[in-house]
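Okay, structure first, notes after.
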Amino acid sequence: MSSSSQTASASGTASASGEETAASQGEAQASTSTNGQMQGKGEGTASGPTYGGATSGGATSEADHRSPLADFDPLAPYRGAVRRFFVVYRHVMGLLMGGHIAYVRSLPNVQTRGMRSIGKRMVAWIFRPFVDRSLRDLPFPVQLRKRLEILGPTFTKLGQILAIREDLLPPAITRELESLMDHLPPVPFVQVKDIIERDLGAPTEELFATLSSEPLGSASIAQAHRATTIEGDDVVIKVIKPGIREIINSDLKLLEFFGIFLNWIIPEYRPRQIIEEFSEYTKREVDYSFEATNAEVFAANFSDMPDVVFPTIYRDLSSDDVLTMQFIDGIRPGSAASMKLSEDERERVIDLGSAAIIRMLYKDGFFHADLHAGNLKIIEGGPDEPIKVGFIDMGMVGRFSPQVKRRLLYYFYALVRGDVENVARYLLDIARIGEGGDPQGFRRAVSDLSRYFARQGQTGTISIAQLILESLSLGGRYRVFFPVEMTLMVKALVTFEGVGRTMKPDLDVVAVSQRHVRSIFRERFDPRTLGTELLSNAPEFIDTIVQLPRLMSSGSAYVEERLNDRTPTGDPFPGLRGSILAGACIIGGALGVVQGGPIWLWLPLFAIGFLLALFKT
């Protein structure tokens, strides 16, 4: 970030009033957390990182003779949460007062003359002494962004999420919050170097041929620096900022308190579970061993698509706090350089990006859950090399179970085809019906919403991500709830649409989505794919075959008993239902034969129809 922004962030912590004192306490806490972290992990030696308090020279310190539980304090996160509560509370109040001052300042002159708007102007005059001088005269979006920066990584992540919610927030706010993506105040290089040497157990001069002191980017949790390995490979070193874990732990404990409170007020929305899920994702993001594994899984999943690139991980130069990976040199979508690409190159970027995101979501069920323009790279090719697309920063991922992944594929396929009835049906299959839920009402509401968007699509472009988001929002009204991964999926689709329309304003999102999801849909029902799934379920299939004689014996005994029992049942509908199903299966098998369908489709239909006709159950 620029030096002026750093100065503004620092000045936001000045104790000019009661509201600013909270910011100073928050910075002091971060400093204390940093010292605690550095002392707790100790220095690294040449033979490897040490965490028992040994110095780099191998001398034994007093900490080595203390009990291993001497620094264990189970109440520390909770005490930190109490302090953070007052910091957050005062910043929220400061933002509300500062927002009112900015609103009054934005009023036209005609509304601020004489006695006009006297009440609003009076309240703004009363609020002025209680708001930080460096913030109160700034526009509201800038105040919001700076206060999120001051509050630390957890709230910065919140700002990053808000930055992509253009469907809910005014453009002025989302544009300002975009700077939170990778332009936050950096930490001094000496601290970054200390962490690298501590975790990797050797001086940086022995580990890297070069290491730039200027950061490539500074995000809410980590800071990245360019480097060159001893072998000459260009790499990026990501280092978790000192004290971040302690601050995040305190913030998560604070959110737990809010979750308990909200669970009393609105239990039907399961706020406690939502907060727990957010906490789990956040904790994984501050442990680079997870990100390293995620990058390797993505690379394996896309091994057949060489034009979609993921960074190679250098495991021997990585740890929980340090991640060394291949440097992907590319341009950011939406930048001036990206707009200089030819029309064919922009089309290829859109095609590759959409294919990758749709594949992650609906084929692999393992997707990048922190997608934004800053995490995408356009890699320009040479004379004989096509343009490529790269993904970086994979600390946060989403996962779908095989059952949810299949249902989502059917849902998205129906969505892009305009199949309104099946859209509502498949979406409801993914949901959990809460107490007092109205699934039929939800299904009707989703169908009506989908019809509305379909009509809109005939007159202009539509947003599939917005349609899905509004459909999920209807769930709260009808007590129908969805897994948190659904929201992360919408975030990925928002990025796909936003980046695509930046590169091509008249992009037809539906047409692009149709092309790629149809390919996945055909592959899903390919006989080879179905055969692979059958082989994966072979143990259960073999168990069924082993038990088949016993099942047939029991079935024969049941049939014989039914044939010998002439007592009327008084309920003719079970037999009628079996006859109808048998007829449907036989007709379906006949249609499959007439239409030239594969044998694996029509032969089981004939078999099922014959069995149903025999037993009439």
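The values are calculated or read from the model by the stated rules, or taken from the named source; none is laboratory data. Quick caveat, the model's predicted, so the values are computed rather than measured. Neighbour counts are summed over all protein chains in view; Cβ atoms, including those assigned to glycine, are modelled from backbone coordinates with ideal geometry. Heads up: the accessible areas ignore ligands, DNA and RNA and are worked out on the full protein's heavy atoms, side chains in. Shrake-Rupley method; radii C 1.70, N 1.55, O 1.52, S 1.80 Å.
The distance between label points at S106 and F525 comes to 5.1 nm (points 7 Å beyond Cα on the Cα→Cβ vector). Annotation for M305 and R399: the two label points, set 7 Å from Cα along the Cα-Cβ direction, are 2.1 nm apart. In plain terms, the chain from T532 to A511 could stretch by 4.5 nm, reckoned as 0.36 nm per residue minus the Cα-Cα distance. Taking 7 Å steps out from each Cα toward its Cβ at I433 and K340 produces label points 5.9 nm apart. When a 1.4 Å probe is rolled over the protein heavy atoms, the share of accessible surface on the range 301-391 that falls to carbon and sulfur comes to 46 percent. Scoring 89-95, 438-444 by mean Cβ neighbours within 10 Å over their residues and listing the highest first yields 89-95, 438-444.
Averaged over residues, the count of other Cβ atoms within 10 Å places the peptides 228-235, 495-502 in the sequence 495-502, 228-235, highest first. For the range 349-435, the per residue solvent-accessible surface stands at 35 Å², with DNA, RNA and ligands left out and a 1.4 Å probe.
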